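Participant: Take a look at this one; I'll ask things after.
The values are calculated or read from the model by the stated rules, or taken from the named source; none is laboratory data. This structure is a prediction, so every number in the text was calculated from the model and none was measured. Cβ placement follows ideal geometry from the backbone for every residue including glycine, while neighbour counts extend to all protein chains displayed.
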Amino acid sequence: MSMKRIFLASSISKTAKPIASEIKKEYGKDKNRLLFITTASEPKEGELKWQIADRKELGDAGFVISDFTITGKTENAIRLAVENTDIIHFNGGNVFYLLSQLQMTKSIEVFKTAVEEGKIYIGSSAGSIIASPDIWSARNLDNLEVSDQLKDYRGLSLVDFLIFPHWGSEHFKERYLDQKLEMAYPGDNKIILLRDNQYVSVKDDDYRITGI
């Protein structure tokens, strides 16, 4: 039976040391093909500097990158792309838009099954949030207007907790302290506040937070 290996970060590139290289050290050097899924960034305007930086760092670490979006793809096309890679990477952007595309393409189970069967999963920002069982507590971090067709807020359920990325970042300070924590406080959700220089390493049902 394959071990589930998941790495959830706030950022791939905003770290003092190359986080991509640190992640690679944890699982070995024999798996290098990485599917770089850009879907979450599609509603964003302007130059996506963080995505360019993340892609560069992953490439510098030795990953062989294939850019991919699930938007407009069939379930079979997505399954084929996943089958032909070693590592699934969901990059940052709008997590609610990302979920809407996962629902429209009926590909949630494709990704869940792939990770359960041994594909490595690396998430960054929205890509880390979507790994949770439910993303509703992440509202106020992203614009919900781009995803008014959502059926529900269930994520990929790869882990049993929710990541709040970019904790401590000045860019997200107002969104967190103004309303976000007040809305997230009630309920039984397990939440990890993750700084840009940290990532969560998951082995099956065990996980730890690593600082860079």
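Participant: Assess whether residue 39 counts as being crowded, with 16+ Cβ neighbours inside 10 Å and touching a Gly at 6+ places or on another chain (Cβ under 8 Å).
Facilitator: Values: crowded, with 16+ Cβ neighbours inside 10 Å: yes; touching a Gly at 6+ places or on another chain (Cβ under 8 Å): yes.
Yes.
Participant: Okay, next question. Out of all the residues in region 97-113, which are out of contact with any Leu (no Cβ under 9 Å at 6 or more places or on another chain), under 14 Å from residue 72 (Cα atoms) and of a type outside the set (S, T, N, Q)?
Facilitator: Of everything in region 97-113, those that are out of contact with any Leu (no Cβ under 9 Å at 6 or more places or on another chain), under 14 Å from residue 72 (Cα atoms) and of a type outside the set (S, T, N, Q) turn out to be 97, 98, 104, 106.
Participant: Among the candidates 2, 13, single out the residue that is closer than 26 Å to residue 161 by Cα, loosely packed, with under 12 Cβ neighbours inside 10 Å and either in contact with a Pro (Cβ under 7 Å, 6 or more places away or on another chain) or in contact (Cβ under 8 Å) with a residue 24 or more places away in the chain (or both). Before you say what the answer is, go through the steps one by one.
Facilitator: Numbers: 13 fails: loosely packed, with under 12 Cβ neighbours inside 10 Å.
The unique qualifying residue is 2.
Participant: Take the conditions at pLDDT 85 or above and over 20 Å from residue 169 (Cα atoms) and apply them to residue 8. Does it pass? So that I can check it myself, show each step before the final result.
Facilitator: Working: at pLDDT 85 or above: yes; over 20 Å from residue 169 (Cα atoms): no.
For residue 8, the condition - at pLDDT 85 or above and over 20 Å from residue 169 (Cα atoms) - is not met.
Participant: Of all residues being in a helix (DSSP H, G or I) and in contact with a helix residue (DSSP H, G or I) (Cβ under 7 Å, 6 or more places away or on another chain) in region 54-68, which is surrounded by the most Cβ atoms within 10 Å (Cβ to Cβ)? Just the residue, please. Explain how you work it out, then say what you get.
Facilitator: Taking region 54-68 and keeping what is in a helix (DSSP H, G or I), we get 54-60.
Still in the list and also in contact with a helix residue (DSSP H, G or I) (Cβ under 7 Å, 6 or more places away or on another chain): 57-58.
Numbers: 57: 19, 58: 27.
Result: 58.
Participant: I would also like to ask the following. Taking the condition of being in a helix (DSSP H, G or I), among the charged types (D, E, K, R) and under 14 Å from the mean Cα position of the chain (by Cα), how many residues in region 1-39 meet it? Walk me through it before giving the result.
Facilitator: First pass over region 1-39, keeping only residues in a helix (DSSP H, G or I): 19-27, 39.
Okay, now just the ones that are also among the charged types (D, E, K, R), so 22, 24-26.
Now drop any that are not under 14 Å from the mean Cα position of the chain (by Cα), which leaves none.
Total satisfying the criteria: 0.
Participant: Restricting to region 62-109, what's the tally of residues that are free of Cβ contacts under 8 Å to residues at least 12 places away in the same chain and under 17 Å from residue 130 (Cα atoms)?
Facilitator: Number satisfying all stated conditions: 1.
Participant: Give the number of residues within region 63-94 that are under 22 Å from residue 26 (Cα atoms) and of a type in the set (A, V, I, L, M, F, W, C).
Facilitator: Going through region 63-94 one residue at a time, the tally reaches 7.
Participant: Could you check how many residues of region 69-126 are within 27 Å of residue 164 (Cβ to Cβ) and in a loop (DSSP other than H, G, I, E, B)?
Facilitator: So the answer is 11.
Participant: Does residue 86 meet the test of being at negative phi, in contact with a Leu (Cβ under 9 Å, 6 or more places away or on another chain) and of a type in the set (Asp, Glu)? Outline the logic, then answer.
Facilitator: Working: at negative phi: yes; in contact with a Leu (Cβ under 9 Å, 6 or more places away or on another chain): yes; of a type in the set (Asp, Glu): yes.
Against the criterion (at negative phi, in contact with a Leu (Cβ under 9 Å, 6 or more places away or on another chain) and of a type in the set (Asp, Glu)), residue 86 qualifies.
Participant: Among the residues of region 119-132, are any over 16 Å from the mean Cα position of the chain (by Cα) and free of Cβ contacts under 8 Å to residues at least 60 places away in the same chain?
Facilitator: Taking region 119-132 as the starting set, the residues that turn out to be over 16 Å from the mean Cα position of the chain (by Cα) are none.
Within region 119-132, none of the residues are over 16 Å from the mean Cα position of the chain (by Cα) and free of Cβ contacts under 8 Å to residues at least 60 places away in the same chain.
Participant: Oh, and also: Give the number of residues within region 91-122 that are farther than 17 Å from residue 158 by Cβ, buried (at least 16 other Cβ atoms within 10 Å of the Cβ) and hydrophobic (A, V, I, L, M, F, W, C).
Facilitator: Adding up the residues that qualify gives 1.
Participant: Would you tally the residues in region 14-53 being farther than 18 Å from residue 94 by Cα and touching a strand residue (DSSP E or B) at 6+ places or on another chain (Cβ under 9 Å)? Explain how you work it out, then say what you get.
Facilitator: So the first thing to find is which residues in region 14-53 are farther than 18 Å from residue 94 by Cα, and the list is 14-35.
Those left that are additionally touching a strand residue (DSSP E or B) at 6+ places or on another chain (Cβ under 9 Å): 15, 19-20, 22-23, 26-27, 31-35.
Residues in region 14-53 being farther than 18 Å from residue 94 by Cα and touching a strand residue (DSSP E or B) at 6+ places or on another chain (Cβ under 9 Å): 12 in total.
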